[in-house]
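Taking it in order: structure first as structure tokens, then the write-up.
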Amino acid sequence: MSESREVIESIGEKMGFTPQILETLDAIDPHFVRKYTRCDHKILSDGALPAKMKILMALAVVASKQCESCTVAQMKSALKHGATKEEIMETMEVISITSGAPAIAACRDALKLLK
């Protein structure tokens, strides 16, 4: 299996589906798709900021873009990296203040993971 195919399958597992744009990008330029792995590893590893904090930041960003499946993927990642309910709810406050009700609504399925 090619490296770009592995990246696409990994994303599909996280999101619960494979975004069609990745298939298109892979057909045009597999190297572009492989770059995702480098970005993903940067977010998922501790640096000056702990991975958990970067994932909560990513949750806020995808919520602001109103990508519901992305919020679920980031919520799963946040929980996997030890984010507490309190940290997640404080992130929801930031999302509400900065992006409003539509961004919070995009988190509806992601928030069900806290139950």
ask   = Within region 4-15, is even one residue open to solvent by less than 70 Å² (accessible area, probe 1.4 Å), closer than 23 Å to Met75 by Cα, part of a helix (DSSP H, G or I) and hydroxyl-bearing (Ser, Thr, Tyr)?
value = yes
message = With the requirement that a residue be farther than 13 Å from Ser77 by Cβ and among the aliphatic types (A, V, I, L, M), what does region 16-59 give you?
response = Ile21, Leu22, Leu25, Ala27, Ile28, Val33, Ala48, Leu49
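From the list Met75, Met53, pick out the single residue that is of a type in the set (A, V, I, L, M), within 30 Å of Lys115 (Cβ to Cβ) and open to solvent by 60 Å² or more (accessible area, probe 1.4 Å).
Just a single option satisfies the conditions, and that option is Met53.
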key: Answer from Lys85, Lys76, Lys35 - the residue that is at negative phi and within 9 Å of the chain's Cα centre (by Cα)   = Lys76
query = For residues in region 68-115 being under 15 Å from Met57 (Cβ atoms) and hydroxyl-bearing (Ser, Thr, Tyr), which is modelled with the lowest pLDDT?
reply = Ser77
note = Those residues of region 17-42 which are closer than 22 Å to Met57 by Cα and open to solvent by 70 Å² or more (accessible area, probe 1.4 Å) amount to Lys35, Tyr36, Arg38, Cys39, His41, Lys42
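The values are calculated or read from the model by the stated rules, or taken from the named source; none is laboratory data. Computed from a predicted structure; not experimentally measured. A quick note on method: Cβ atoms are made from the backbone with ideal geometry, for glycine too, and the neighbour counts reach across all protein chains shown. Quick note on the areas: whole protein, heavy atoms, side chains included, nothing else; ligands and nucleic acids left out. Shrake-Rupley method; radii C 1.70, N 1.55, O 1.52, S 1.80 Å.
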